[in-house]
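Everything on this sheet refers to the single structure shown next.
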């Protein structure tokens, strides 16, 4: 939620100190500029219309509209109950936490008509050649991407009945589930045209992910759990595998994005990312070849964590324990 000017200054200072900088791009920043100045990785293909604007045949006009938009309005937050000790939970931290929770659940719910208009413009003018040029820029500047397509799906299709019907919601506390349901209800109040624009954004980002992968842009698998509506830790990453497959990425690439690529990005290939003597004994055992189909990544037959073997019965017991705790909250 900072201005582009503040972001550029922060990036310049990080470069001066030799500190890698990565993450979300504030609305209105020049993607080409931040990549050229050492942006290590970009989350969510933006978020917002940033990358899509760079792939538009009407790029300059779209970016000008983005720069002219006011900063997002922060949602209101009620004051904490008086009984909470100020020393243990400062007022400012409490209010900030409440605000961020509302933003994180579904940032699309903060969209105004002008924001949706920009999204409609950049998707309607999406150009494959412009996307290919952007991909070459990422490769030249060494900028990675973390598409988190499952986050795009839960954000831009938030009122999809399939989310409420997910049996895995038993791992989510009732209070969290109520917050997600409220976010979905609010999203459903958008006009039909706006919801169609959001769906088009989701489909376009699937296409962009495929174009970036075909060009050779380095990417990582991520899910963005941590409060996002309909995203359940662990399960959301498996849903991301399915989203990447839906985008058209080959099974081997999806496997690499969640293993070797991650180790390479963190400069930790000496201890992780592949199965070799002397590396961390953190393994997921499958009963089918994941290179044949991304669906096989879901067929877990065991886990080795720090050298300790967890059989299917052990994994199921862990899940049942989590579900039992969630049901009493």
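Please treat every number below as a calculation from the coordinates, not as lab data. This is a predicted model, so every value here is computed, not measured. All Cβ positions, even for glycine, are placed from backbone atoms using ideal geometry, and neighbour counts span all protein chains on display.
Relative contact order of region 271-329, taken over Cα pairs closer than 8 Å and 6 or more residues apart, is 25 percent. Judged by the mean number of other Cβ atoms found within 10 Å, the most tightly packed of the peptides 191-197, 34-40, 115-121 leads the ranking 115-121, 34-40, 191-197. Per-residue extension of 0.36 nm, minus the Cα-Cα distance of residue 268 and residue 110, leaves a gain of 53.0 nm for this segment. Contact order for the chain, expressed relative to its length and based on alpha carbon pairs under 8 Å spaced 6+ residues apart, stands at 16 percent. Note on residue 173 and residue 140: their simple-model spin labels are 4.9 nm apart, each label 7 Å out from Cα toward Cβ. Counting neighbouring Cβ atoms within 10 Å and putting the fewest first, the residues 310, 255 line up as 310, 255.
Rounded, prolate or oblate for region 170-263? Axes are the square roots of the Cα gyration tensor eigenvalues, ordered a ≥ b ≥ c, and the cut-off for rounded is a/c under 1.5. Judged from the Cα gyration tensor, region 170-263 comes out oblate (a/c at least 1.5, b/c at or above a/b). GNM on the chain, alpha-carbon springs under 10 angstrom: the most fluctuating residue among 112, 59, 253 is 112. Ordering 230, 144 from the fewest to the most neighbouring beta carbons within 10 Å gives 144, 230. The GNM of the chain, with springs linking C-alpha atoms under 10 angstrom apart, assigns the highest mean-square fluctuation among 12, 183, 229 to 12.
Restricting the count to DSSP beta bridges whose residues both fall in the chain, what percent are antiparallel, rounded to a multiple of 5? That works out to approximately 55 percent antiparallel. Among 287, 58, 295, the largest mean-square fluctuation in a Gaussian network model of the chain (Cα springs under 10 Å) belongs to 287.
Modelled spin-label separation between residue 64 and residue 189, with each label point placed 7 Å from Cα along the Cα-to-Cβ direction: 3.5 nm. In the chain, the calculated helix contribution to ellipticity at 222 nm averages -15500 deg cm²/dmol per residue, counting -39,500 (n - 2.57) for every DSSP H run with n ≥ 4.
Shape summary: the chain maps onto an equivalent ellipsoid whose semi-axes, from the alpha-carbon gyration tensor, are 31, 28, 21 Å in decreasing order.
Does region 271-329 come out rounded, prolate or oblate by the C-alpha gyration tensor, with a ≥ b ≥ c the root eigenvalues, rounded set by a/c under 1.5 and, if not, prolate when a/b is larger than b/c and oblate if not? In terms of gyration-tensor shape, oblate.
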